[in-house]
Amino acid sequence: MPFRVLVTDDVDRDGVALLEAEPQLSVDEVPTLPKEELLERIGDYDAIVGRSATKISAELLRRAKRLRVVGRAGVGVDNVAMDVATELGIAVINAPAGNTIAVAELVFGVLISLIRHLPRAVESMRAGRWDRSSLLGTELLGKTIGIVGLGRIGSEVAARAHAFGMQVHAFDPYVADARFTTLRVHRAATLDALLDEADIVTVHTPLTDETTGLIGRRELARLRPGGIVANLARGGIVDDGALAAALESGHVKGAALDVYVAEPLAADSALRKLPNVILTPHIGASTAEAQRNVAVDACAAVRDALLSNELGRSMNVAAVDGQWRELQPAMLVTRRAAAVARALLADMGMRAPQRLTLRCGASLAGGQQALLSAAALGAIEGTAEAERLNMINARALAEARGLELVVGESAALPPLGVEVSLRGAMQELAVAGITSAEGAPRLTRIGGFRVDVNPRQTLIVLTNRDVPGVIGRVGTLLGDAGVNIAEYHQARLAQGGEALAVVSVDGRVDAGVRQRLCDLPDVQSASVVQFREA
Ligand SMILES: NC(=O)c1ccc[n+]([C@@H]2O[C@H](COP(=O)([O-])OP(=O)(O)OC[C@H]3O[C@@H](n4cnc5c(N)ncnc54)[C@H](O)[C@@H]3O)[C@@H](O)[C@H]2O)c1
Ligand SMILES: O=C(O)[C@H](O)COP(=O)(O)O
């Protein structure tokens, strides 16, 4: 059955065409739907792609029983209940870069409109007047622009401000000095320091707890008289009430707003009546170029997530430095190692491990967080509802069960090696594996035993006395039960002592076969690890 994708909010055609080109995807394109109608329909879809107009609420996500991916053709995901998406294992993918230039250009469009009184000039001409003397403006040259948030858009605003001959200052506590130096931007140590210097303040941060109301009554009062404020980021970063008061008092000379706390902005909103304000209806990203960019980015990523389980672009999966695709074999062997450790410990009576420690070889350092997610997934799959368990929510679910997750590099491992160790109150078991660019991943150690096996489909792990005849008896029993052996690796610590066999078999092994293996002479234990699809 094809995956069903709902596309809404006027996502650009070039992006939608990428989805439609895939025979395994069935695409329904609809205008922005009323909340109730979307709630009705969402249960039929594996993915939804939209823009800021569609609210992906907690209620919607809980209704969406099949949903695997939310694609946002744009940057802001403040319209998505991210915590709930993560809890439910739904990937959220945005298109962070495609509309940067559109916003940065509009910043100067609205600023110049404001300081050269363009709306009034146009209106006066339409009205048949020739009002030159009342339209005296000011220039950007030599003025100080104070940028709050020196990220993608803030940086482009800085570059354009330089072109206008402005003094460029910025406040962003999360950006390193080197970036300020590269952009030739004066670093304000605090927001207050920025406000003290700026003629124009423009905000370019995301809307977070920290940035809600960032520019409020106190901050506006600190701005020098005649200052200008622009918010083309998110409604609520500048406090509307405080801004209205500062404009009415004349302390702030002008403002430009593209975004609002509630969108669409109410027809009777007081903001619409404020003097010397340029209001635009959230059109920062509304250029043909930007819409094409973000639609293509988001749709390609949604397609890859559905068809290839490619989650490297997902915002709520652990970060990967480097290529997600290249990390896949290491994620697989990590997940398998954790599943083997969990299954063996469970058969020893320890079902609730308290700590998972993942160690990675030097070449996997950039993927540690994603590998930890894979380890958490392996440690709980088989004991958690399979439907919704994946790389996105595995860590949260494991931690909710009281499993502490730890990751670090180990010089003792080969560069592409991993080791997953699970520890309970009394027992600890470590399983190691290795991956390579060419070959299939291999498990290389279980506890103290060196092994060499590809963890595919089903693994039988036997402990036995190291005496002749065991391998033959195991092979005969499995053959009689119709179980095909793919690989059989026998390991021992010392001749005649304890031995461990790892048998990779095709298909499933039922409980009866396992019991008969346990009952064989000289076999001490038999565990069956049934791997879930990757
Ligand atoms: N009007 C539109 O149509 C439109 C279009 C695109 C983006 N946006 C919005 O613009 C904003 C910026 O987008 P971006 O792509 O540049 O994001 P970004 O993540 O690249 O940059 C945001 C910057 O804000 C900084 N920041 C975070 N908290 C801060 C704080 N408390 N004080 C100072 N700086 C802080 C971050 O360190 C980061 O450098 C977002 O809110 C986004 O949703 C609006
Ligand atoms: O976050 C964004 O990308 C912008 O605010 C644009 O939103 P839009 O896709 O609704 O125009």
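FYI, it's all coordinate maths here, none of it is from the lab. Just so we're clear, the structure is a prediction, and the values are computed from it rather than from any experiment. Because the Cβ atoms are built from the backbone with ideal geometry, glycine has one as well, and the counts that use them run over all protein chains shown.
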Inset, instruction - Would you kindly state the longest site-free stretch of the chain, with sites defined as chymotrypsin sites (Phe, Trp or Tyr not before Pro) in a DSSP loop (not H, G, I, E, B) surrounded by at most 12 other Cβ atoms within 10 Å? - result: 175-534
Inset, instruction - Calculate the dipole size of segment 100-279 relative to its Cα centre from +1 charges on Lys and Arg beta carbons and -1 charges on Asp and Glu beta carbons; express the result in debye to the nearest 20. - result: 560 debye
Legend entry - Proxy reagent accessibility, fewest Cβ within 10 Å first, across 444, 463, 182: 182, 463, 444
Inset, instruction - Using only Cα atoms, figure out Rg for the chain and give it as a multiple of 2.2 N^0.38 Å. - result: 1.25
Inset, instruction - Hand me the trypsin sites (Lys or Arg not before Pro) from segment 471-531 located in a DSSP loop with no more than 12 other Cβ atoms within 10 Å, in residue order please. - result: 508
Inset, instruction - Taking the convex hull of the Cα atoms, report for segment 319-447 its projected area averaged over all directions, in nm². - result: 7.3 nm²
Legend entry - Within-11-Å neighbourhood charge of residue 212 [Cβ basis; K, R +1; D, E -1]: -3
Inset, instruction - Would you order 166, 125 from fewest to most other beta-carbon atoms within 10 Å of each residue's own beta-carbon? - result: 125, 166
Inset, instruction - Among DSSP beta bridges lying fully in the chain, give the percent that are antiparallel, nearest 5. - result: 50 percent
Legend entry - Vicinal HN-Hα couplings computed from phi for segment 252-260 (Karplus, 6.51 cos²θ - 1.76 cosθ + 1.60; Hz; Gly/Pro x): 9, 7, x, 8, 10, 10, 10, 9, 9
Legend entry - Ranked 187, 395, 355, 218, criterion: other C-beta atoms within 10 Å, fewest first: 218, 355, 187, 395
Inset, instruction - Only Cα pairs under 8 Å and at least 6 apart count here; give the relative contact order of segment 135-186 as a rounded whole percent. - result: 39 percent
Inset, instruction - May I ask for the percentage of alpha-carbon pairs in segment 7-90 that lie more than 18 Å from each other? - result: 37 percent
Inset, instruction - Quote the charge dipole size of the chain about the Cα centre in Debye, to the nearest 20; the model charges only the Cβ of Lys and Arg (+1) and of Asp and Glu (-1). - result: 420 debye
Inset, instruction - Would you mind checking which residues have amide H under 5 Å from residue 7's amide H? H placed 1.01 Å from N; only 5 or more apart, or other chain. - result: 28, 29, 30, 49
Inset, instruction - Just give me a number: lysine pairs in the chain, eight or more positions apart or cross-chain, with C-alpha atoms less than 23 Å apart. - result: 5
Inset, instruction - Give, as a single signed number, the net charge of other residues whose beta carbon lies under 15 Å from the beta carbon of residue 411, with Lys and Arg counted +1 and Asp and Glu -1. - result: -1
Legend entry - Mean separation of Cα contacts under 8 Å (6+ apart) over length of the chain, as relative contact order %: 11 percent
Inset, instruction - Hey, can you grab everything whose amide H is under 5 Å from the amide H of residue 236? Only 5+ residues off in sequence or another chain; H modelled, so Pro and N-termini drop out. - result: 261
Inset, instruction - Take the Cα gyration tensor of segment 100-279, multiply each eigenvalue by 5, square-root it, and list the three semi-axes largest first, rounded to whole angstrom. - result: 26, 19, 15
